[in-house]
1. Would the stretch 39-46 turn up any residue that is closer than 23 Å to ARG17 by Cα, modelled with pLDDT of 95 or more, open to solvent by 40 Å² or more (accessible area, probe 1.4 Å) and touching a helix residue (DSSP H, G or I) at 6+ places or on another chain (Cβ under 9 Å)?
2. Under the condition of being under 8 Å from the mean Cα position of the chain (by Cα) and more than 10 Å from GLU66 (Cα to Cα), which residue from the stretch 24-38 is surrounded by the most Cβ atoms within 10 Å (Cβ to Cβ)?
3. Name the single residue that is farthest from SER75 (Cα to Cα) among those in the stretch 47-60 being surrounded by 11 or more Cβ atoms within 10 Å (Cβ to Cβ) and under 17 Å from the mean Cα position of the chain (by Cα).
4. Taking the stretch 63-102, which residues are of a type in the set (Phe, Trp, Tyr), open to solvent by 50 Å² or more (accessible area, probe 1.4 Å) and over 17 Å from ALA13 (Cα atoms)?
5. For the condition farther than 21 Å from GLU6 by Cα and in contact (Cβ under 8 Å) with a residue 60 or more places away in the chain, what is the one hit in ASP69, ASP57, ASP99?
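The values are calculated or read from the model by the stated rules, or taken from the named source; none is laboratory data. A quick note: this is a predicted structure, and the numbers were derived from the prediction, not measured. FYI the Cβ positions are ideal-geometry reconstructions off the backbone, even for glycines, and counts take in every protein chain you see. What goes into the accessible areas is simple: the full protein's heavy atoms, side chains included, and nothing from ligands, DNA or RNA. Shrake-Rupley method; radii C 1.70, N 1.55, O 1.52, S 1.80 Å.
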Amino acid sequence: MIAEYEHVKDYEARKWRYIKRPGGQAIRPPVWYELYGASQYLNQGENKEPAPVWREDGSIDYGGREKWDAWTKCSGMSEQEAKIAFVRAMRRAESNAKDNFY
């Protein structure tokens with residue numbers, strides 16, 4: 001499974017769907033944030049950023065908070081555990097392609 005990570009790590013290049021949220025915002029499917037969190041953890045380590053709440057326009061930062069939560073959930077993982085979590089999330093995304101990709 002670790003070797004598979006190298007083949008799927010460019011998750012952002014995929015054509016992900018958007019989900020509309022109040023206030024005209026749009027977020028990605030939940031599994032995208034799992035991939036983001038594992039990727040950030042692998043590339044930058046533990047999340048030391050403050051949790052986002054508001055956007056510059058005064059609206060709730062749905063996407064920013066989803067990213068922050070996903071990255072924080074990886075706290076304490078080893079590199080191997082984070083790669084396995086990433087691959088499992090990508091497998092789930094691909095098994096439900098209709099809901100996740102265009």
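1. Checked the stretch 39-46: no residue is closer than 23 Å to ARG17 by Cα, modelled with pLDDT of 95 or more, open to solvent by 40 Å² or more (accessible area, probe 1.4 Å) and touching a helix residue (DSSP H, G or I) at 6+ places or on another chain (Cβ under 9 Å).
2. So, considering only residues that are under 8 Å from the mean Cα position of the chain (by Cα) and more than 10 Å from GLU66 (Cα to Cα), the one surrounded by the most Cβ atoms within 10 Å (Cβ to Cβ) is ALA38.
3. Result: PRO52.
4. TRP68, the sole residue that qualifies.
5. None of the others qualify; the one that does is ASP99.
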